[in-house]
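**Q** The structure is given below, and queries will be raised subsequently.
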């Protein structure tokens with residue numbers, strides 16, 4: 001609402017902003033898009049553009065349809081859970097989590113030494129955090145102390161394999177590798193279906209791995225201590241199973257999770273099953289404290 005607006009421009013390069021409130025026609029899970037169309041002088045305009053510039057190339061206008069993709073996702077969210085997110089190379093996961101009603105705060109890597117981590121239940125390291133944020137690598141002990149005190153730490157993939165392995169960032173011995181699963185439709189096996197990660201707050205089934213985009217995951221662990229529990233397995237055609245893409249380990253009072261699955265691609269794409277599983281990962285270790293504070297956004 002409103003269905004349309006009348007716009008008047010009085011000079012070249014003039015800009016105006018308008019807001020429309022859009023209500024979904026159905027609460028059924030799925031994807032759609034909202035399109036913006038301008039009619040003027042008998043012509044229809046339905047594209048937007050981005051100016052692309054590079055030093056070694058001329059500037060160019062990149063035209064795309066003026067539309068916004070929207071996903072309706074049936075997901076239960078522990079609204080009282082407080083999450084701290086340390087950005088690595090950059091991703092849009094925190095934005096998606098906020099859109100579904102989760103309490104997410106960004107933690108600057110350079111502020112980590114003085115940050116009071118006890119106000120969070122779960123801390124997430126964005127993709128390639130150890131590669132790009134040296135303050136995090138230097139203060140990894142503080143993150144493990146957060147786990148030891150009862151927190152949940154989720155570490156997402158890094159590409160500097162030798163540096164990661166030499167850094168001994170995990171609470172127990174583990175070896176990172178360059179293994180990946182590039183086929184997004186590669187079958188995924190749930191190795192521990194009764195684990196709470198697949199039960200709370202969302203029931204996870206094989207169907208939640210449908211509709212993934214671009215790839216399953218990258219930089220899987222190749223070896224790990226017996227304290228780690230592998231949760232998923234998948235592989236590209238003709239290759240052996242990769243079980244080091246999602247590992248969890250209890251460390252004193254808390255939980256450490258290593259994740260190589262490409263949630264940084266799935267969440268911005270609005271893949272429902274990936275969103276549900278990621279919410280479960282964030283909730284891991286806190287089931288007893290959160291059951292009375294569940295919300296169900298759509």
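The values are calculated or read from the model by the stated rules, or taken from the named source; none is laboratory data. Note that the coordinates shown come from a computational prediction; the quantities given were computed from them, not determined experimentally. Cβ placement follows ideal geometry from the backbone for every residue including glycine, while neighbour counts extend to all protein chains displayed.
**Q** Would you mention how many residues in the range 44-53 are within 22 Å of residue 2 (Cβ to Cβ), part of a strand (DSSP E or B) and more than 28 Å from the chain's Cα centre (by Cα)?
**A** 2
**Q** Also, quick follow-up: Residue by residue through the range 259-277, note down the ones that are more than 16 Å from residue 246 (Cβ to Cβ) and within 8 Å of the chain's Cα centre (by Cα).
**A** Correct list: 268 only.
**Q** Still on this structure: Against the conditions (1) in a strand (DSSP E or B); (2) over 19 Å from residue 217 (Cβ atoms), where does residue 135 fall short? Just the number, please.
**A** (1)
**Q** From the list 35, 47, 29, pick out the single residue that is in contact with a helix residue (DSSP H, G or I) (Cβ under 7 Å, 6 or more places away or on another chain) and under 30 Å from residue 213 (Cβ atoms).
**A** Of the residues listed, the single one that is in contact with a helix residue (DSSP H, G or I) (Cβ under 7 Å, 6 or more places away or on another chain) and under 30 Å from residue 213 (Cβ atoms) is 29.
**Q** Here's another thing I want to ask about it. Here's a check for you: in the range 1-32, which residue that is under 30 Å from residue 75 (Cα atoms) and surrounded by 10 or more Cβ atoms within 10 Å (Cβ to Cβ) is modelled with the highest pLDDT?
**A** My answer is 20.
**Q** If you go through the range 151-185, how many residues are assigned to a strand (DSSP E or B) and surrounded by fewer than 21 Cβ atoms within 10 Å (Cβ to Cβ)?
**A** 2
**Q** While we're on this one: Report those strands (runs of 3 or more DSSP E) wholly inside the range 54-96 carrying at least 3 residues which are surrounded by 12 or more Cβ atoms within 10 Å (Cβ to Cβ), touching a residue at least 60 places away in the same chain (Cβ under 8 Å) and touching a strand residue (DSSP E or B) at 6+ places or on another chain (Cβ under 8 Å).
**A** By residue number, 67-72.
**Q** Hey, can you tell me all the residues within the range 34-43 that are surrounded by 11 or more Cβ atoms within 10 Å (Cβ to Cβ) and in a strand (DSSP E or B)?
**A** Within the range 34-43, 34, 38, 39 meet the criteria.
**Q** Here's a follow-up. Looking at (1) without any contact (Cβ under 8 Å) to a residue 12 or more places away in the chain; (2) farther than 26 Å from residue 92 by Cα, which is the one condition that is false for residue 148?
**A** (1)
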